[in-house]
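Enquirer: There's a structure below that I have some questions on.
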There are 2 protein chains.
Amino acid sequence: MTIELQSPLDMHVHFRQDAMLRNVAPLTAKHFAGAVVMPNLVSPIDSLERLLWYTDQVKQATEGELFDPYMTLFFRDYTREELVAAKPQIIGIKLYPAGATTNSDRGVSQIHTMFGVLALMEELDIPLLVHGESNGFVMDREKEFQVVYREIASTFPKLRIVMEHITTAEAIGLLDEYSNLYATVTPHHLLLTLDDVVGGLMDPHLFCKPIAKRPEDRQALLTAALNAHPKLMHGSDSAPHPITSKECPGCAAGIFTAPIILSLLAELFEKHNALDKLQSFVSNNAVRIYRLSPPPKTVVLTKSPMVIPANYHGVVPMWAGKTLPWSIADFG
Amino acid sequence: MTIELQSPLDMHVHFRQDAMLRNVAPLTAKHFAGAVVMPNLVSPIDSLERLLWYTDQVKQATEGELFDPYMTLFFRDYTREELVAAKPQIIGIKLYPAGATTNSDRGVSQIHTMFGVLALMEELDIPLLVHGESNGFVMDREKEFQVVYREIASTFPKLRIVMEHITTAEAIGLLDEYSNLYATVTPHHLLLTLDDVVGGLMDPHLFCKPIAKRPEDRQALLTAALNAHPKLMHGSDSAPHPITSKECPGCAAGIFTAPIILSLLAELFEKHNALDKLQSFVSNNAVRIYRLSPPPKTVVLTKSPMVIPANYHGVVPMWAGKTLPWSIADFG
């Protein structure tokens with residue numbers, strides 16, 4: 001028994017840089033035809049020069065694979081000239097509200113101060129990707145950020161806005177309210193709730209931002225994904241940290257899933273009799289929303305068990321040691 | 001500047017056994033005139049024989065201090081004869097709903113099956129101490145358990161019931177509804193919300209059961225404590241785990257506060273201009289509710305900074321490395 005996926009895409013991934021980049025990027029490039037690469041390095045990718053440097057780094061790390069990196073810039077007060085020059089090199093610009101996620105201390109805190117750039121992005125048709133969390137109580141941050149999504153979506157009706165890694169039923173509701181709002185959702189938010197993070201023993205390897213929410217939130221996300229909601233895309237938010245940054249007093253936020261994403265999704269969609277929707281969720285929706293032409297790449301999953309390794313180059317994946325029923329077959 | 005406390009009490013503490021007992025019990029015995037010792041060892045204290053053994057262990061570990069251990073039994077289907085024999089040796093019986101907290105797998109799961117024992121406890125005037133959490137979603141467990149408190153409190157109106165380590169505004173509300181319901185609250189639940197656990201970096205040393213809740217919950221607990229609500233007692237739930245069980249993939253629940261409790265409370269009550277209520281919160285309320293005669297022991301805090309040590313015998317305390325303004329003075 002096999003599942004064939006055509007040009008699967010990961011519309012939100014963290015590759016980091018240097019040795020980590022060289023270790024993790026090939027794992028994504030092997031399984032996916034393309035991926036949206038986040039710009040939040042310790043020193044963010046916020047200039048054409050740094051963008052070209054990082055693009056080159058990513059291409060070197062994924063050399064030999066049929067794989068398109070879709071690069072992003074870190075939001076700041078760009079000029080029109082900068083945006084025009086960057087546009088051919090990027091899929092969009094990533095906005096981090098100040099302080100809400102890893103390496104986003106330089107993110108913006110005031111939404112109105114960004115309207116100039118947003119107007120230019122709308123005019124130039126550059127998508128806006130948003131980490132949509134307020135600085136409020138951890139379980140309320142995404143909900144509280146809705147007011148910002150509403151304001152941007154209605155002020156810039158032609159700006160394509162992607163709510164990244166949504167975690168709440170409310171965010172699914174927003175998709176249907178504004179035609180220019182889209183979203184990515186991670187496999188782990190389809191599988192986890194806060195109970196998995198702190199409900200039994202505390203698991204640092206299931207700790208991420210935004211944090212996994214309530215059962216009813218997970219259900220809303222899952223229902224939308226299993227029905228291949230046309231405005232919802234797969235974006236793993238796979239976020240590697242060395243084990244020493246996870247199993248420690250100040251555990252970094254991020255779940256590493258890159259090498260097991262398609263196995264996780266195959267099991268989940270099969271369990272819910274929705275395998276016929278998997279192609280749209282992992283590729284077609286993103287191709288349509290972003291108007292992409294990913295390299296033609298057939299990825300085959302076979303129903304043979306895989307044991308999730310304890311770590312990949314010192315990065316512990318989600319559910320290390322667990323057995324998944326679907327594996328990625330070798331492919332040419 | 002000093003604060004003098006008369007016979008401060010910790011109405012909920014975990015001493016464990018063996019080396020851990022010998023390491024942590026003296027830290028409590030030094031600062032407190034008495035403490036309610038939890039019975040959830042790996043093999044619970046659920047017989048008179050084990051109770052006498054454990055009492056002896058605790059007394060050995062705290063020898064030389066002016067300190068009364070108030071012992072508890074682990075709830076099970078005791079006979080009248082067992083209860084009559086145990087009564088002089090215990091302050092109450094601790095009920096753990098099945099599976100909700102450390103070493104409580106042997107706790108009960110059906111409340112009605114316990115009515116026989118509860119009736120005997122009411123008749124014999126043995127207090128019931130409860131870890132009140134359902135097996136539901138982690139943020140809802142205490143709220144969902146209210147129905148059990150209501151049923152027990154109304155069915156056994158003369159049974160003194162202590163809701164242990166309450167964490168929600170709803171639990172404070174219950175105190176005023178039933179005359180036979182009392183509660184303990186921990187210093188850490190007066191200080192923390194879920195934000196401190198997983199809102200920034202994840203902190204295993206602030207992970208406990210019940211988990212810290214929402215800001216409005218903390219505010220309700222704090223208001224009641226600062227006003228020395230007459231049915232609310234200090235119970236630290238200080239719960240030591242070796243560092244290897246905390247900074248790891250399956251982090252055990254428990255915050256270790258024993259050596260810093262009074263410093264934490266002094267700072268908190270001073271900040272809110274409620275130092276005049278501290279004596280009632282840390283001693284008088286418990287003396288009245290439990291009808292205790294703790295040994296006369298004056299504990300003096302001085303306003304001289306203490307840096308919280310990195311660990312005590314390999315157990316990391318809450319807020320290790322932080323400086324607190326109040327220290328315990330030496331006393332005779």
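Any read-out appearing in this document is the output of simple, stated calculations on the displayed coordinates, not a laboratory observation. Model, not experiment: these values are computed from the prediction. A quick note on method: Cβ atoms are made from the backbone with ideal geometry, for glycine too, and the neighbour counts reach across all protein chains shown.
Enquirer: Return the equivalent ellipsoid semi-axes of region B:134-221 as a descending list in whole Å, where each equals the square root of 5 times an eigenvalue of the C-alpha gyration tensor.
Expert: Over the Cα atoms of region B:134-221, the ellipsoid semi-axes are 26, 12, 10 Å.
Enquirer: Sticking with this one: What does the net charge come to around B:Y312 if you take all other residues with beta carbon closer than 14 Å to its beta carbon, with K and R at +1 and D and E at -1?
Expert: Local charge sum for B:Y312: +4.
Enquirer: Antiparallel versus total DSSP beta bridges in the protein assembly as shown: what percent is that, nearest 5?
Expert: Approximately 30 percent, going by the DSSP bridge assignments.
Enquirer: Now, a different point. What number comes out for the charge environment of A:R22, summing +1 per Lys or Arg and -1 per Asp or Glu over other residues with Cβ under 14 Å away?
Expert: -1
Enquirer: Diagonalise the Cα gyration tensor of region A:43-176 and give the resulting equivalent ellipsoid semi-axes, square root of 5 times each eigenvalue, largest first, whole Å.
Expert: Over the Cα atoms of region A:43-176, the ellipsoid semi-axes are 26, 18, 15 Å.
Enquirer: Continuing with this model, one more query. Return the average number of partner chain Cβ atoms within 10 angstrom of each residue Cβ along peptide A:193-199.
Expert: 6
Enquirer: If you look at just the Cα atoms of chain A, how large are its Rg and its Dmax in Å?
Expert: Cα only, chain A: 18.4, 54 Å (Rg, Dmax).
Enquirer: Using 10 Å bins from zero, what percent of all Cα-Cα pairs in the protein assembly as shown falls into each bin?
Expert: Pairs per bin, as whole percents: 3, 15, 23, 21, 16, 13, 8, 2, 0.
Enquirer: For B:H313, go 7 angstrom from Cα along the Cα-to-Cβ vector, then report the distances to that same point in the other copies in nm, smallest first.
Expert: 4.4
Enquirer: Could I ask something else about it? Run through the other copies and list how far each one's label point is from that of B:M1, in nm with one decimal, shortest first; the point sits 7 Å from Cα along Cα-Cβ.
Expert: 7.0
Enquirer: Which of A:S293, A:V315, A:G173 sits closest to the plus end of the dipole of region A:2-328, meaning its Cα is farthest towards the positive end, when Lys and Arg get +1 and Asp and Glu get -1 on the C-beta?
Expert: The Cα lying farthest towards the positive end belongs to A:S293.
Enquirer: A:I289: net charge of surrounding residues, Cβ under 12 Å, Lys/Arg +1, Asp/Glu -1, itself excluded?
Expert: +4
Enquirer: Which trypsin sites (Lys or Arg not before Pro) does region B:258-294 hold that lie in a coil by DSSP with at most 12 other beta carbons within 10 Å?
Expert: Listed in order of number, the matching sites are B:R291.
Enquirer: Kindly put A:V300, B:V185 in sequence by how many other C-beta atoms sit within 10 Å of each C-beta, fewest to most.
Expert: Fewest-to-most Cβ neighbours within 10 Å comes out as A:V300, B:V185.
Enquirer: Considering only the label points, 7 Å along Cα→Cβ from Cα, what distances in nm to one decimal separate B:S293 from the same position in each other copy, shortest first?
Expert: Between copies, matching label points for B:S293 lie 9.3 nm apart.
Enquirer: So what is the 222 nm mean residue ellipticity for chain A from helices alone, if each DSSP H run of at least 4 adds -39500 (n - 2.57) and you divide by all residues, rounding to the nearest 500 deg cm²/dmol?
Expert: Result for chain A, helices only: -9000 deg cm²/dmol.
Enquirer: With chain B rotated onto chain A, spot the residue of B whose Cβ lies nearest the axis and note the distance in whole Å.
Expert: Looking at chain B's Cβ atoms against the axis toward A, the nearest is B:E247, 3.
Enquirer: Using r as the Cβ-Cβ distance of A:D276 and A:Q60, and R0 as 30 Å, what FRET efficiency do you calculate, to the nearest 0.05?
Expert: 0.20
Enquirer: Please determine, in degrees from 0 to 90 and to the nearest 10, the orientation of helix B:261-271 with respect to the longest principal axis defined by the Cα atoms of chain B, where the helix direction is its Cα long axis.
Expert: Around 70 degrees separate the two axes.
Enquirer: For region A:268-332, which chymotrypsin sites (Phe, Trp or Tyr not before Pro) pass both filters: DSSP loop (anything but H, G, I, E, B) and at most 13 other C-beta atoms within 10 Å?
Expert: Here the chymotrypsin sites (Phe, Trp or Tyr not before Pro) that fit, given the DSSP loop and packing criteria, are A:F331.
Enquirer: Need one word for region B:236-314: rounded, prolate or oblate. Basis is the Cα gyration tensor (sqrt eigenvalues a ≥ b ≥ c); a/c below 1.5 gives rounded, then a/b vs b/c decides.
Expert: prolate
Enquirer: Using all alpha carbons of region A:3-81, what is the percent of pairwise distances in each 10 Å bin, ordered from the shortest bin to the longest?
Expert: 19, 51, 23, 7, 0
Enquirer: Is the shape of region A:184-254 rounded, prolate or oblate, going by the alpha carbon gyration tensor and its root eigenvalues a ≥ b ≥ c, with a/c under 1.5 for rounded and a/b larger than b/c for prolate?
Expert: It is oblate, given that a/c is not under 1.5 and a/b is not larger than b/c.
Enquirer: Specify the angular offset, from 0 to 90 degrees and rounded to the nearest 10, of the alpha carbon long axis of helix B:215-226 from the longest principal axis of the alpha carbons in chain B.
Expert: With rounding to tens, the tilt is 90 degrees.
Enquirer: Of chain A, which part is the longest with no GluC sites (Glu not before Pro) in a loop (DSSP not H, G, I, E, B) and with at most 13 other C-beta atoms within 10 angstrom?
Expert: A:178-332
Enquirer: Can you tell me the FRET efficiency between B:S154 and A:A310 if r is taken as the Cβ-Cβ distance and R0 is 56 Å, rounded to the nearest 0.05?
Expert: Efficiency, from the Cβ-Cβ distance: 0.60.
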